[in-house]
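A.B. asks: Encoded as structure tokens, here's the structure I'll be asking about.
The values are calculated or read from the model by the stated rules, or taken from the named source; none is laboratory data. Small disclaimer: the values here were computed from a predicted structure and weren't measured. Neighbour counts are summed over all protein chains in view; Cβ atoms, including those assigned to glycine, are modelled from backbone coordinates with ideal geometry.
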Amino acid sequence: MNGLKSVGTLYSIQDLCEDLAKRSINKTEFLEGFQKKYSVSTSAATLSLATALNWVATSTDGLLVVTEKGKRAVLGNNRVEKLRNQLKSYILEEKPFWATRIFMGRKETLPFLSAEVEQCFEEAELMQGFDDTVTKWWDEVGSVFRNITDEKLLEIGRQGERESLKYEEKRTKVKPKWQAIDTNASGYDILSRVDEDNPTKLKIEVKASTRPYSDATIHITRNEWDVADISLTTYTFHIWLLSEQPPKLITASVDSVKKHIPMDNGCGSWESVEIPIGKII
């Protein structure tokens with residue numbers, strides 16, 4: 001496995017690919033001419049990682065060439081965009097052990113990253129912010145390790161969460177925290193407050209459906225319910241009917257959902273339950 005030793009090496013690979021698009025470079029001359037410094041790394045480190053990841057190859061006449069995979073890896077209008085694509089390509093190619101945490105969110109991934117890899121994520125601006133490009137990166141890479149077969153479901157869920165973020169900020173006049181982006185182990189998606197005058201924290205689990213109201217259902221996991229059951233009045237469900245325009249919000253208390261939650265019996269325990277929305281309200 002090829003470890004990421006330095007974000008500087010990734011930047012140098014970006015520069016090498018740009019150089020190769022402009023002129024021919026002989027492998028031997030490149031290694032000998034930039035032994036101590038190429039861009040912000042060295043020629044040896046730059047070429048070693050680039051070739052190991054099949055981003056750069058050597059032709060039969062000794063010239064360095066950018067592969068199709070390499071061209072995709074360094075796509076972007078600026079350093080940050082290119083770095084994000086490089087990280088995605090690296091993760092999908094090498095599948096480092098910490099990649100299996102990505103689908104669980106940023107907060108769950110961070111403790112498993114080396115200082116060097118964490119710096120790569122920081123400089124790619126992937127460890128903060130909630131804009132569409134950031135969430136899309138985490139969702140796309142995470143889906144590979146989560147074995148999601150229908151990425152549309154993930155898109156629907158994110159759309160519902162965004163609707164709740166807007167709704168809560170308007171309702172409380174305070175911007176809520178998008179918890180689901182940082183970790184999906186919390187048992188809720190958004191952390192808001194009871195109301196504008198009451199700062200008591202309110203946990204919100206967001207569900208969304210594109211089906212008509214009569215056919216729409218929600219799935220609740222055991223972890224979500226366990227958190228809801230101990231939170232009671234400081235936990236609520238937001239259910240978005242995205243088939244309606246504008247999207248319609250249905251709020252459900254813990255008590256209104258509780259009657260549809262199964263019981264553990266014998267040695268068995270439930271993990272997920274599907275509930276028709278029409279039966280909750």
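A.B. asks: If a residue counts only when it is among the acidic types (Asp, Glu), within 11 Å of the chain's Cα centre (by Cα) and over 29 Å from Val7 (Cα atoms), which helices (runs of 4 or more DSSP H) contained entirely in the range 122-214 have at least 1 such residues?
C.D. replies: Working: elements: 132-146, 151-172, 179-182.
In the range 122-214, there are no helices (runs of 4 or more DSSP H) which contain 1 or more residues that are among the acidic types (Asp, Glu), within 11 Å of the chain's Cα centre (by Cα) and over 29 Å from Val7 (Cα atoms).
A.B. asks: Between Val74, Val56, Val80, which is of a type in the set (A, V, I, L, M, F, W, C) and surrounded by fewer than 16 Cβ atoms within 10 Å (Cβ to Cβ)? Walk me through how you get there before you give the answer.
C.D. replies: Details: Val74 fails: surrounded by fewer than 16 Cβ atoms within 10 Å (Cβ to Cβ); Val56 fails: surrounded by fewer than 16 Cβ atoms within 10 Å (Cβ to Cβ).
Result: Val80 is the single residue among Val74, Val56, Val80 that is of a type in the set (A, V, I, L, M, F, W, C) and surrounded by fewer than 16 Cβ atoms within 10 Å (Cβ to Cβ).
A.B. asks: Given the residues Asn198, Asn147, which is the only one that is exposed (fewer than 15 other Cβ atoms within 10 Å of the Cβ), without any contact (Cβ under 8 Å) to a residue 40 or more places away in the chain, within 30 Å of Glu94 (Cα to Cα) and not charged (D, E, K, R)? First the steps, then the outcome.
C.D. replies: Working: Asn198 fails: within 30 Å of Glu94 (Cα to Cα).
Being exposed (fewer than 15 other Cβ atoms within 10 Å of the Cβ), without any contact (Cβ under 8 Å) to a residue 40 or more places away in the chain, within 30 Å of Glu94 (Cα to Cα) and not charged (D, E, K, R) holds for just one of Asn198, Asn147, which is Asn147.
A.B. asks: Could you please find all residues in the range 121-144 being within 20 Å of Thr183 (Cβ to Cβ), buried (at least 16 other Cβ atoms within 10 Å of the Cβ) and at pLDDT 90 or above?
C.D. replies: The answer is Phe121, Ala124, Glu125, Leu126, Met127, Val134, Thr135, Trp137, Trp138, Asp139, Val141, Gly142.
A.B. asks: Does Lys279 count as charged (D, E, K, R), in contact with a His (Cβ under 8 Å, 6 or more places away or on another chain) and surrounded by 19 or more Cβ atoms within 10 Å (Cβ to Cβ)?
C.D. replies: Numbers: charged (D, E, K, R): yes; in contact with a His (Cβ under 8 Å, 6 or more places away or on another chain): yes; surrounded by 19 or more Cβ atoms within 10 Å (Cβ to Cβ): no.
Taking the combined requirement at face value, the residue does not satisfy it.
A.B. asks: Name the helices (runs of 4 or more DSSP H) wholly inside the range 1-108 in which the number of residues that are under 23 Å from Gln128 (Cβ atoms) and in the same structural domain as Met127 (by TED's automatic domain parsing) is 3 or more.
C.D. replies: On the way: elements: 7-22, 27-33, 43-52, 68-73, 79-94.
In the range 1-108, 7-22, 79-94 are the helices (runs of 4 or more DSSP H) which contain 3 or more residues that are under 23 Å from Gln128 (Cβ atoms) and in the same structural domain as Met127 (by TED's automatic domain parsing).
A.B. asks: How do the pairs read when you match residues in the range 243-265 that are farther than 15 Å from Ala216 by Cα and assigned by TED's automatic domain parsing to the domain that holds Ile220 with residues anywhere that are acidic (Asp, Glu) and surrounded by 14 or more Cβ atoms within 10 Å (Cβ to Cβ), using Cβ under 9 Å and keeping only pairs 6 or more apart or on different chains?
C.D. replies: Pro246/Glu163; Val254/Asp229; Lys258/Asp229; Ile261/Asp229
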